[in-house]
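Student: Encoded as structure tokens, here's the structure I'll be asking about.
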Amino acid sequence: MSEVFDRTHKRILESGKKLFIEKGYERTNLRELSRAAGVTTGSFYKHFKSKEEIFSALVEPVLSGFNKLYNESSDVYYEEMDREHLSKMWELSYDTVVQFMDFIYSYFDEFKLLLQCADGTSYSNFLDGLVKQEVESSYKVMEIMKSKGLKVKDIRIEEFHMLIHSYYSCLFEVVFHDMDKEQALLYVRTIVDFFTAGWKTIFLGI
């Protein structure tokens, strides 16, 4: 690809991001997107087939990195499942959550797209999908613990869904309210303490 093509491609992406954040995906049309990028509609189609393809190009690399981080943190729960470590199973590691926050603030605009601007795209269920994944993962952990003879309180899947949804909703408030990172890290400390105590009470009776 030529340098001109690459510069135009990047400019279209930057214009798309700006308009999607300002207006949302549904209210952004190709004509104004092309105009903002300084290209004709015909030139636009040499780079992207649709505006959703732009949206995907903006968020897919971030989703890939986020899923990798999520999977790495989830692996910790499968490493040790004996009685000695039972009380730690439901603790929310502050360091782990800080890693998530670091990632979010590295791609703040992209998370704003996913959380606030994705209506009309296949990414509009980002948060619900994340919650579903977490519920499934947590239930798998619980079943493994039960198979090892460990005593864990049962909880209905609907309750589990609500609790996990509330947890991620709290974390993503930093995006919804455009918090600066320093303020967000103070906020996260409170959230971690609150949910750690809650998980222990619900599952372990501590």
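The values are calculated or read from the model by the stated rules, or taken from the named source; none is laboratory data. Fair warning: this is a prediction, and the values are worked out from it, not measured in the lab. Note that we place each Cβ from the backbone using ideal geometry, even for glycine, and neighbour counts take in every protein chain shown. We work out accessible area using only protein heavy atoms, side chains counted, and drop any ligands, DNA or RNA first. Shrake-Rupley method; radii C 1.70, N 1.55, O 1.52, S 1.80 Å.
Student: Quick check on D178: is it open to solvent by 80 Å² or more (accessible area, probe 1.4 Å), at pLDDT 90 or above and either of a type in the set (F, W, Y) or not in a helix (DSSP H, G or I) (or both)?
Tutor: Answer is yes for this residue.
Student: Condition test on L171, is it under 22 Å from E72 (Cβ atoms), assigned to a helix (DSSP H, G or I) and of a type in the set (A, V, I, L, M)?
Tutor: Answer is yes for this residue.
Student: Pairs only if they're at least six apart or on different chains, beta carbon under 6 angstrom, first in the range 46-69 and under 17 Å from T28 (Cα atoms) and touching a residue at least 24 places away in the same chain (Cβ under 8 Å), second part of a helix (DSSP H, G or I) and of a type in the set (K, R); list them, first residue then second.
Tutor: Going by the 6 Å Cβ cut-off, the qualifying pairs are L58/K17.
Student: Residue check, F172 against (1) closer than 30 Å to I21 by Cβ; (2) open to solvent by 90 Å² or more (accessible area, probe 1.4 Å), all met but one. Which one?
Tutor: (2)
Student: Still on this structure, I have one more. Can you find a residue that is part of a helix (DSSP H, G or I), β-branched (V, I, T) and at pLDDT 90 or above anywhere in the range 137-160?
Tutor: Let us first name the residues in the range 137-160 that are part of a helix (DSSP H, G or I), namely 137-147, 157-160.
From the residues that got through so far, the ones that are β-branched (V, I, T) too are 141, 144, 157.
Imposing the further condition that a residue be at pLDDT 90 or above reduces the set to none.
Checked against the condition, which is being part of a helix (DSSP H, G or I), β-branched (V, I, T) and at pLDDT 90 or above, the range 137-160 yields no hits at all.
Student: With the checklist (1) touching a Phe, Trp or Tyr at 6+ places or on another chain (Cβ under 6 Å); (2) at pLDDT 90 or above in hand, flag the one item F126 doesn't pass.
Tutor: (1)
Student: Would you say I191 is outside any helix (DSSP H, G or I) and in contact (Cβ under 8 Å) with a residue 12 or more places away in the chain? Please lay out each step first, then the result.
Tutor: On the way: outside any helix (DSSP H, G or I): no; in contact (Cβ under 8 Å) with a residue 12 or more places away in the chain: yes.
No; evaluated as a whole, the condition is false for this residue.
Student: Quick one: which of G198, G149, G129 is within 19 Å of L69 (Cα to Cα) and open to solvent by less than 80 Å² (accessible area, probe 1.4 Å)?
Tutor: So the residue among G198, G149, G129 that is within 19 Å of L69 (Cα to Cα) and open to solvent by less than 80 Å² (accessible area, probe 1.4 Å) is G129.
Student: Let me ask something else. Restricting attention to the range 45-98, which residues are among the polar types (S, T, N, Q) and at pLDDT 90 or above?
Tutor: Passing the criteria: S50, S56, S64, N67.
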